[in-house]
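Novice: Can you keep this structure in mind? I'll have questions shortly.
The values are calculated or read from the model by the stated rules, or taken from the named source; none is laboratory data. Quantities reported herein were computed from a predicted structural model and do not represent experimental measurements. Reconstructed Cβ throughout: ideal geometry from the backbone, glycine too, with neighbour counts over all protein chains shown. The protein model used for the area step is the full one, side chains on, heavy atoms only, and it has no ligands, DNA or RNA in it. Shrake-Rupley method; radii C 1.70, N 1.55, O 1.52, S 1.80 Å.
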Amino acid sequence: MKKTNGLKLVGITLILAIILALPLSIISVTAEEESPIESIIVENDGFSIIENDRNYGYMKKDQTGYDGEGNPIFSEEYFYYPSSRFTPTITITYKDPELEPEILTNKNYYSEILQESVQFIQEFPQKHDSPWTVNNTYPVRAEIGGASQTFNIKIVESPVESITATNVIIIENDIRYGSLTKEIIGYDENTGEPIYSDNEYFHYDPYAIKPKTITIKYKDETNFGTEILTASSNYRSEILNQFIHFEEKEIQDYENRWVLGGTYQLRAEIVGKFAYFDVSIIEGTGWQEFDEKWYYFDENGEMATNKWVADTKGWCYLGEDGAMVTDKWVADKGYWYYLGSDGRMVKNKWVEDSVTWCYLGENGAMVTNQWKQDSKGYWYYLGANGRILIKKWFYYNGYWYYFDANGAMATNKWVADTKGWCYLDAKGKMVTNKWVRDTVTWCYIGADGRAVKNQWQKDRNGWCYLDENARLTVGWKQISGKWYYFNRNGTMVTGRQVIDGEVHIFDANGAWIRKN
């Protein structure tokens, strides 16, 4: 009996020696022991996650049972938020005053003191029939060292209104966008080795096939406007600090593979919003027609976009989506060009746009600030915006010109404006300080280019008077309470005059005195 007790004493002594030899920084805790932790503090009591944020989850289907043939039945997809992806900062305070508080972050949430990791437990488990939804808060428990602290995860609404992506066209079996592969169709029941399909097929990698641009439109209340993402930024949103996630709408396999001439869809997604874009497979380089549109691929298989390409018929322009532009204006290096219905640059030709007429010069560029005559001999002036002037005055080299409702320069014509009547001569110049005959009689154009009215005017024969219609007065006219007489040439008479068989006397200034 004494020997047995002695062995027990030796055993206890050895255990105590081992415990005392351990460093104070390493503490093991069992369920029966009191936790050495004073408190666990989760920064800000948790955090918010934008709905369907790929940084914090993924699409998932739950198995709900089996069909009559023993095949599993799955639920509809829903977005699952794994607790392992939550990243709050956790501060652990220990009861032992000699132990400093320990701050754990998302690097495994590992405690060097306790030599274990934090365990996150969802107190509201997610399933297809109870997914986490927008504007709701869900409790998650952080456990370590026999202590725990519950914090909240809130799912917030996406700030994105919508996203759009440009379509993509690629050459078949282009190794930049995929590779040859064999599908695993099963496993050998004896060896467990994979069994592959008989034929290789080309698998197009959705992460290698990228649209030219992806446009994110944010909700009005965010005041973010729109954001355009491209391959140069790896499709990363600066506003959201997120990358676009790409996936196939339908999974490719050896029975359902992409083939020449086909069009397939990929999905671009960010924070719960997505857009489908088409990927079309075509054959070869050079000019290729697809879906009634023309595209051009260089010797490296690169599709030309936002670029001029010449063929035997002239210059063509390939737009942002790579399609040949037709019946459309294109701006390039400060000049405007027009691509006709055949997709070729228009030259030496009048073209009507949504505003009015323009002219394309020898090099195809829209003509600006120039005179241009048409085939009928009419002259036009193309302004700074390349459009002809319509119902406008234009001052050029010291003269005023007027362009009518058709844009043609007015010649040998009367034109009225807010200041009066003007006359344009045979060269289109506004007449000034000159007599001009209209359909009735003569008029005088003053220094401002307007026909003079209700005013005396002297010519080489004497004094004349222009009436309220700006026409030369002939016959009797009362002016400022006095009567005057103007002969058939419109010249004021003086002295003794026989008018209609009667003798009248006028003073030296032309005023009537009496009938003699």
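Novice: Nearest 0.05, what FRET efficiency do E247 and W329 give at R0 = 41 Å with Cβ-Cβ as r?
Specialist: Numbers: r = 37 Å, r/R0 = 0.91.
It comes to 0.65.
Novice: Let me ask something else. Once you place label points 7 Å from the Cα toward the Cβ at V498 and D129, how far apart are they in nm?
Specialist: Calculated label separation equals 12.7 nm.
Novice: Between E161 and residues 5 or more places away or on another chain, which pairs have amide H atoms under 5 Å apart, with H built 1.01 Å from N, and which residues are they?
Specialist: K217, Y218, K219
Novice: Give the relative contact order (percent, whole number) for the chain; include only Cα pairs under 8 Å separated by 6+ residues. Intermediate values should be presented prior to the final figure.
Specialist: Values: 1023 pairs, mean separation 31.8, N = 516.
Taking the mean separation of contacting Cα pairs over the length of the chain, I get 6 percent.
Novice: Tabulate in residue order the Karplus-calculated ³J(HN,Hα) for segment 325-341, using 6.51 cos²θ - 1.76 cosθ + 1.60 with θ = phi - 60°, rounded to whole Hz; enter x for Gly and Pro.
Specialist: 7, 10, 6, 7, 7, 9, 9, 8, 6, x, 10, 10, 10, 10, 9, x, 5
Novice: With every protein chain left in place and a probe of 1.4 Å, what is the accessible surface of S341, to the nearest 10 Å²?
Specialist: 90 Å²
Novice: Another question, then. Tally up the carbon and sulfur contribution to the accessible surface of segment 119-238 as a whole percent, 1.4 Å probe, everything protein left in place.
Specialist: On the way: 3090 of 6740 Å².
The computed percentage sits at 46.
Novice: Quick check: net charge around Y94, other residues with Cβ under 10 Å of its Cβ, Lys/Arg +1 and Asp/Glu -1? Show your work: numbers first, answer last.
Specialist: Values: positive: K95; negative: E38, D96, E98, E100, E102.
Around Y94, the charge tally is -4.
Novice: Give the aspartates and glutamates reachable from K515 as a straight Cα distance under 19 Å; neighbours fewer than 8 places away on the same chain don't count.
Specialist: Hits, sequence-local ones excluded: D500, E502, D507.
Novice: Put a dot 7 Å past each Cα toward the Cβ at D205 and T356; how far apart are the dots in nm?
Specialist: Distance between label points: 5.7 nm.
Novice: Report, by chain and number, residues whose modeled amide H sits under 5 Å from the one on I50, excluding near sequence neighbours (fewer than 5 apart, same chain).
Specialist: V156
Novice: A further question on this structure: Starting from the residue with the highest accessible area, list D96, D291, D342 in decreasing order, probe 1.4 Å.
Specialist: Details: D96 60, D291 120, D342 80 Å².
Descending order: D291, D342, D96.
Novice: By a straight-distance test (C-alpha under 19 Å), which lysines pair with K413 as possible cross-link partners, with residues fewer than eight away in the same chain excluded?
Specialist: Counting by Cα, and skipping residues close in sequence, K413 has these lysines nearby: K376, K391, K392, K427, K429, K434, K453.
Novice: With a 1.4 Å probe and all protein chains in place, put D205, D353 in order of accessible area, largest first. If you can, show how the numbers build up before the last one.
Specialist: Numbers: D205 65, D353 20 Å².
Sorted descending by solvent-accessible area, the residues read D205, D353.
Novice: Straight-line reach from K210: which lysines fall under 22 Å, measuring Cα to Cα and dropping same-chain residues less than 8 apart?
Specialist: K249, K273, K293, K307
Novice: Want the number for W308 to E193: 0.36 nm per residue separation, take away the alpha-carbon distance, what's left? All intermediate terms of the calculation are to be shown ahead of the outcome.
Specialist: Values: separation 115, 0.36 × 115 = 41.40 nm, distance 5.37 nm.
So the chain would gain 36.0 nm between W308 and E193.
Novice: For E320 and Y110, calculate 0.36 nm times their separation in residues minus their Cα-Cα distance, and state this gained length in nm to one decimal.
Specialist: Values: separation 210, 0.36 × 210 = 75.60 nm, distance 4.99 nm.
That pair, E320 and Y110, stretches by 70.6 nm at full extension.
Novice: Sticking with this one: Could you sort H203, H504 by accessible area so the largest value comes first, with the probe set to 1.4 Å? Each step should come with its number before you reach the end.
Specialist: Values: H203 50, H504 15 Å².
Highest to lowest solvent-accessible surface, that is H203, H504.
Novice: Residues of segment 425-456 with the amide nitrogen closer than 14 Å to a label point 7 Å from the Cα of N412, along Cα-to-Cβ, please.
Specialist: In segment 425-456, the label zone of N412 (backbone N under 14 Å from the point 7 Å along Cα→Cβ) covers 425-429, 437-439.
Novice: Probe 1.4 Å, all protein chains in place: accessible area of E34 in Å², nearest 10?
Specialist: So the heavy atoms of E34 present about 150 Å² to solvent.
Novice: Just how much of F47 is accessible, in Å², when a 1.4 Å probe is used and the result is rounded to the nearest 10?
Specialist: 50 Å²
Novice: Once amide H atoms are built 1.01 Å from N in the peptide plane, which residues 5 or more positions from I169, or in another chain, come under 5 Å H to H?
Specialist: S280
Novice: Would you tally the net charge around K419, using a Cβ to Cβ cut-off of less than 13 Å, leaving K419 out, and scoring K and R as +1, D and E as -1?
Specialist: Working: positive: R450, K453; negative: D417, D448.
In short, 0.
Novice: Separation of segment 179-224 and segment 38-52 by C-alpha centroid, Å?
Specialist: If we compute the Cα centre of each part, the gap is 34 Å.
Novice: Convert each backbone phi in segment 388-394 into a coupling constant with the Karplus relation 6.51 cos²θ - 1.76 cosθ + 1.60 (shift: θ = phi - 60°), then list the ³J(HN,Hα) values in order as whole Hz, x for Gly and Pro.
Specialist: Karplus values, whole Hz, x for Gly and Pro: 5, 6, 10, 6, 9, 7, 9.
Novice: Continuing with the same structure: I'd like the distance between the alpha-carbon centres of segment 101-128 and segment 78-95, rounded to an integer number of Å.
Specialist: 5 Å
Novice: Sticking with this one: For K372, what charge total do you get from the other residues with a beta carbon under 15 Å from its beta carbon, if Lys and Arg give +1 and Asp and Glu give -1?
Specialist: Working: positive: K347, K349, K376, R387; negative: E352, E362, D374.
Overall, the nearby charge balance is +1.
Novice: Which order do the peptides 239-248, 63-72 come out in when sorted by mean C-beta neighbours inside 10 angstrom, highest first?
Specialist: Numbers: 239-248: 16.7, 63-72: 8.5.
Result, highest mean Cβ count within 10 Å first: 239-248, 63-72.
Novice: What percent of all Cα-Cα pairs in the chain falls into each 10 Å bin, going from 0 up to the bin containing the maximum distance?
Specialist: Answer for the chain: a P(r) of 3, 11, 12, 12, 12, 10, 9, 8, 7, 6, 4, 3, 2, 1, 0, 0, 0, 0 percent.
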